[in-house]
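The structure appears below as structure tokens.
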Amino acid sequence: MSDTKTDTPKKLFIKTYGCQMNVYDSERMAESLEGYVQTDTAEDADMILLNTCHIREKAAEKVYSELGRLKPLKDLKPDLKIGVAGCVAQAEGAEIMRRQPAVDLVVGPQSYHRLPQMEARLREGKTALDTDFPEEDKFAHLKGRTGARRAPAAFLTVQEGCDKFCAFCVVPYTRGAEVSRPAERVLREAQELVERGVREVTLLGQNVNAYHGDMTLAQLIRALGKIDGLERIRYTTSHPNDMDDDLIAAHADTPKLMPYLHLPVQSGSDRILKRMNRSHTAESYLRLIERIREVRPDIMMSGDFIVGFPEETEADFQATMDLVEQVNYGYAYSFKYSTRPGTPAASRAQVDPAEADERLQRLQALITRQQRAIQESMVGRDLSVLVEKAGRNAGQMLGKSEYLHSVHIDNSTAQIGDVVPVRITRAMTNSLTAREL
Ligand code: SAH
Ligand code: SF4
Ligand code: F3S
């Protein structure tokens with residue numbers, strides 16, 4: 001029975017939650033599963049993979065409700081395989097199969113290179129579970145970036161894991177210890193991506209600026225800058241303590257490095273920063289931004305904030321508001337503190353949820369005001385846009401500015417993958433409109 005359709009590729013549906021690293025990992029998993037082609041509907045899939053996120057309670061719970069929705073598909077089609085990958089897989093392991101018996105496969109982020117063997121087990125009618133932190137380097141065992149032409153902007157993981165142990169965060173437990181990939185392999189992968197039409201890479205790491213794979217991140221960025229056809233380089237996410245002088249200098253001396261920096265601070269209160277185990281102060285963060293702006297005055301700053309961390313008082317929160325006022329962010333992401341099992345902050349005195357909600361709203365209003373003002377200040381300015389796709393209106397193309405704003409170019413003659421000079425004509429809530437120069 002099972003030897004029918006051996007030549008027809010099976011269909012793989014992957015749903016990705018969480019951060020950019022999961023987006024990258026989903027691509028690598030799809031590439032590693034030979035004999036499958038990707039589909040964008042769960043209904044016609046032979047295998048469904050949920051690539052999950054454990055960062056906040058809501059993110060983790062989403063996975064179980066999605067699995068509940070998928071179960072009827074399996075009742076209709078008993079050969080359907082359902083797998084859970086990502087940080088919930090790492091954190092909950094076999095518990096996932098207990099809570100939802102329709103799940104056949106659970107794989108943690110450090111074991112993706114073992115996916116083909118795990119899939120073979122499923123074909124024998126068995127289940128597969130792997131949440132090891134294996135000795136071998138998973139990237140060395142994943143296939144190269146062969147295959148079809150790709151979108152002009154791509155992610156490229158250079159570092160994974162975290163040794164910082166912020167008191168609220170699950171990442172050191174779900175992604176494991178910091179590991180950097182050898183520079184030569186990163187350079188080869190970037191070259192493979194460029195050969196498939198990629199013009200911009202965003203280097204990824206949970207602490208990307210702690211990269212130490214026989215080069216520093218600054219040296220790696222300069223080496224990537226020498227690849228013909230690669231026009232733009234970005235990196236995320238950085239930790240303030242790992243922002244060294246040479247990386248700051250790279251923002252001045254490497255034209256392909258884009259003037260955008262995501263540098264989470266979490267809080268503006270030194271008392272809370274200490275309780276968070278962040279090992280920097282509000283003042284040292286502000287001084288760091290000053291130094292970056294000295295060499296690159298136009299750099300677009302982005303950040304992450306947590307409000308309602310245990311023991312946060314109104315005065316602590318006010319210090320966060322003051323810090324935001326001083327930095328003037330182009331982008332900022334703010335979250336209400338979510339208790340994560342097994343983290344040090346989980347057992348501390350929690351802030352009243354209504355109070356935390358109210359603070360979150362005040363912070364988000366301030367951030368929105370800053371973002372709008374910066375968007376509006378772009379009108380009349382000349383920027384460059386990497387064209388990523390056709391817009392909704394005829395003749396319109398859509399892409400990203402060097403500062404990561406979404407830009408609609410009207411009456412464009414540009415092709416996907418071109419980097420074109422434009423003048424900004426209008427600012428809208430989430431994007432800019434421009435004409436070609
Ligand atoms: N490695 C990155 C990002 C980690 S997760 C860094 O160090 O900055 C992305 C963001 O989620 C964090 O910056 C933080 O703002 C938020 N976050 C992490 N754990 C959280 C929690 N328990 N509750 C609410 N937000 C959280
Ligand atoms: Fe989490 Fe802190 Fe590590 Fe970022 S630096 S991943 S917030 S523990
Ligand atoms: Fe989520 Fe894991 Fe990324 S917890 S934010 S998917 S590292």
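The table below gives the values:
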| quantity | calculated |
| --- | --- |
| Most fluctuating residue given options M300, M243, M378, as computed from a GNM of the chain linking Cα atoms under 10 Å | M378 |
| Under 5 Å, built H, 5+ apart or other chain: amide partners of Y260 | M300 |
| Full-stretch length increase - K15, E283 - with 0.36 nm per residue and alpha-carbon distance subtracted | 92.4 nm |
| DSSP beta bridge pairing in the chain, given as percent antiparallel to the nearest 5 | 30 |
| Candidates C53, C19, C169: whichever shows maximal mean-square fluctuation once the chain is modelled as a Gaussian network with Cα springs under 10 Å | C19 |
| Cα shape, the chain, gyration tensor, a/c 1.5 rule | oblate |
| For the chain, with +1 on Lys and Arg beta carbons and -1 on Asp and Glu, the positive-most of I306, Q318, A365 along the dipole | A365 |
| Greater than 25 Å apart at Cα, pairs in K62/K400; K138/K164; K11/K143; K15/K77; K58/K400; K138/K336 | K62/K400; K58/K400; K138/K336 |
| 1.4 Å probe accessible area per residue over the range 146-377, in Å² | 40 |
| By accessible area with a 1.4 Å probe, ligands and nucleic acids excluded, highest first: order of M321, M301 | M321, M301 |
| Orphan Cys of the chain, criterion: no other Cys C-beta under 4.7 Å | C19, C53, C87, C162 |
| Net dipole in debye of the range 27-141 [+1 Lys, Arg Cβ; -1 Asp, Glu Cβ; about Cα centre; nearest 20] | 420 |
| Per-residue SASA entry for L105, accessible area with 1.4 Å probe, Å² rounded to 10 | 0 |
| Within the range 320-413, trypsin sites (Lys or Arg not before Pro) in DSSP loop having at most 11 other beta-carbon neighbours inside 10 Å | R392 |
| Sorted peptide list for 107-113, 339-345, 268-274, criterion being average Cβ within 10 angstrom, highest first | 107-113, 268-274, 339-345 |
| Probe 1.4 Å, accessible area per residue of the range 10-130, Å² | 43 |
| Euclidean distance of C-alpha centroids, the range 220-257 and the range 52-101, integer Å | 37 |
| Protein accessible area in the chain, 1.4 Å probe - carbon and sulfur % | 50 |
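The values are calculated or read from the model by the stated rules, or taken from the named source; none is laboratory data. Bear in mind that the values here come from a model prediction, so they are computed numbers and not experimental data. Please note: Cβ atoms are built from the backbone with ideal geometry, for glycine as well, and neighbour counts cover all protein chains shown. When the accessible area is computed, the model is the full protein with side chains, heavy atoms only, and any ligands, DNA or RNA have been set aside. Shrake-Rupley method; radii C 1.70, N 1.55, O 1.52, S 1.80 Å.
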